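A.B. asks: The structure's right below; bear with me while I get my questions together.
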Amino acid sequence: MTLNRRKFLATAGAAASGAILGAPAVVRAESQTTFNWKMTNAYPPGAPFYVQGPGSPTDFCKKVEILSGGRLKIQHFAAGELIPAMEGFDAVSKGLVEMNAANAYFWAGRIPAAQYFTTVPFGMNTQGMNAWIYHGGGLELWNQIYAEHGLVAMPMGNTGTQMTGWFRKPIENVGDLDGLKMRIPGLAGRVYAELGVTVRLLPGGEIFPALERGVIDAAEFVGPYQDRRLGLHKAAKYYYTTGWHEPTNVTELIINKKAWDSLPEDLRAVVRTAAQACNVESHAWCEAVNADALTDLVTNEGVDARPLPADVVAKLKEVTAETLESLAKADKTTRKVHDAFMDFRGKHESWAAVSEKAFMML
């Protein structure tokens, strides 16, 4: 009995030892697998926020490599370095690259509802947008729609509220919009078009020469820091605000679904965490640099910064409601996203009215 007992214990111990050593072997093998991905971008080389700097796509790539211990390395390509600016959606969908950074409203021609995941005129600010995306069902809707294209989507940055834009002549009433040629993307472009504006879609690098030569009469880009960098103040002096057209602006990260599924769960968590970190950091950076830039534009560059007249804003709000409803009626997917967005917006506004808005009125 003693020998049998010893034999049993020895055999059991060996088996247990094998089990203990065997399981970590699988974990070690998985943890040693490295992934080398490519990310393309809709914005040109050197662009602050959109390409480089705190919370930018290149910063995201660095964060992922550090957090993953080098197991996931992402090579970043700005617009034109690997593919043209607006071909990222197709490149990721087809698996030519694993990731792309852009704004969802760039794909409005194929997915009208995608615009709601960047910004909505008179919609929610950045806090409300983040609340909807992360905890109000927005992210789930976004991915349901993109799943048909073999994509996974998530936010990776935010400029916060943007300026209405630059105008060569002052806007004193609604009639002054009629006949204007303006660079403006997204849903706001449709609203302006209803008021007689000829909408032009131009990449950032083409805005200044077009405005300077009078090819366009007005242009919207981002905010004081980014706009000053493009030199827009040298082509137009009237700088309007309200943020009606883009009360927030989400940077979109899209990932090829097959590539995403090939990552172990811990690396998927690294990607999600890095994207969330950049979403917060990029917005904080914009908030930090815009005040000094606006002061410089007004004080040293002779810029006339002013709010849009109240009657113009009221008309824009009226036409926005009509335009959004018309778009929702024309497409069932847009209707689904529109209703979900507006339902959450109503709930969020009831809270914002007694929190942020109340504080801002002090």
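The values are calculated or read from the model by the stated rules, or taken from the named source; none is laboratory data. All of these numbers come straight from a predicted model, not from anything done at the bench. Heads up, the Cβs are rebuilt from the backbone with ideal geometry, glycines too, and the neighbour counts pull from every protein chain shown. We work out accessible area using only protein heavy atoms, side chains counted, and drop any ligands, DNA or RNA first. Shrake-Rupley method; radii C 1.70, N 1.55, O 1.52, S 1.80 Å.
A.B. asks: For region 66-185, evaluate the Debye formula with one uniform point scatterer on each Cα (no solvent term) and list log10 I(q)/I(0) at q = 0.13, 0.18, 0.22 Å⁻¹, rounded to two decimals.
C.D. replies: These q points yield log10 I(q)/I(0) values of -0.70, -1.13, -1.35.
A.B. asks: How about Lys169: which lysines have a C-alpha closer than 18 Å to its C-alpha, ignoring those fewer than 8 places off in the same chain?
C.D. replies: Lys181, Lys234, Lys237
A.B. asks: Still on this structure: Given that compact globular proteins tend to follow 2.2 N^0.38 Å, what is the ratio of the alpha-carbon Rg of region 206-362 to that value?
C.D. replies: On the way: Rg = 20.0 Å, N = 157, 2.2 N^0.38 = 15.0 Å.
With N residues counted in region 206-362, Rg over 2.2 N^0.38 Å equals 1.33.
A.B. asks: Would you work out which of Gly179, Gly204, Gly165 lies farthest towards the positive end of the dipole of region 165-207, given +1 charges on the beta-carbon of Lys and Arg and -1 on that of Asp and Glu, about the Cα centre?
C.D. replies: Gly204
A.B. asks: Under a 1.4 Å probe, what is the accessible area of the chain per residue, stated in Å²? Display every interim value, and only then the final one.
C.D. replies: Working: 17000 Å² over 362 residues.
Value for the chain: 47 Å² per residue.
A.B. asks: Further question: Scan around Thr241 for amide H atoms under 5 Å from its own, H built in the peptide plane at 1.01 Å from N, and keep only partners 5 or more places away or cross-chain.
C.D. replies: It is Thr164, Arg306, Leu308, by chain and number.
A.B. asks: Let me ask another. Across every pair of different alpha-carbon atoms, what Kirkwood hydrodynamic radius in Å does region 181-290 reach?
C.D. replies: 16.5 Å
A.B. asks: For helix 138-147, what angle does its Cα long axis make with the longest principal axis of the chain, in degrees from 0 to 90 and rounded to 10?
C.D. replies: Roughly 80 degrees, rounded to the nearest 10.
A.B. asks: So, one more: Quick one: what are the phi-derived ³J(HN,Hα) couplings along region 40-45, Karplus 6.51/-1.76/1.60 with θ = phi - 60°, whole Hz, x for glycine and proline?
C.D. replies: Karplus-based 3J(HN,Hα) across region 40-45 equals 9, 8, 7, 10, x, x Hz.
A.B. asks: Note down the Stokes-Einstein diffusion coefficient of region 90-157 in µm²/s, whole number, using a Kirkwood radius over alpha carbon pairs, 20 °C, and 1.002 mPa s.
C.D. replies: The diffusion coefficient I find is 170 µm²/s.
A.B. asks: Can I ask one more? Can you tell me which of Gly186, Gly88, Gly80 moves the most in a GNM of the chain? Springs connect C-alpha atoms under 10 Å apart.
C.D. replies: Among Gly186, Gly88, Gly80, the largest GNM mean-square fluctuation belongs to Gly80.
A.B. asks: Suppose we take every Cα in the chain and form the convex hull; what volume per residue is that in Å³? Let's see the in-between values first.
C.D. replies: On the way: hull volume 65.2 nm³, N = 362.
In the chain, the Cα hull volume divided by residue count equals 180 Å³.
A.B. asks: Would you mind getting the Kirkwood hydrodynamic radius of region 224-281 from its Cα pairs, rounded to one decimal in Å?
C.D. replies: Here the Kirkwood hydrodynamic radius works out to 15.1 Å.
A.B. asks: Moving to a separate point now. Give me the distance between the Cα centres of region 120-180 and region 254-314, rounded to whole Å.
C.D. replies: Cα centres, region 120-180 to region 254-314: 11 Å.
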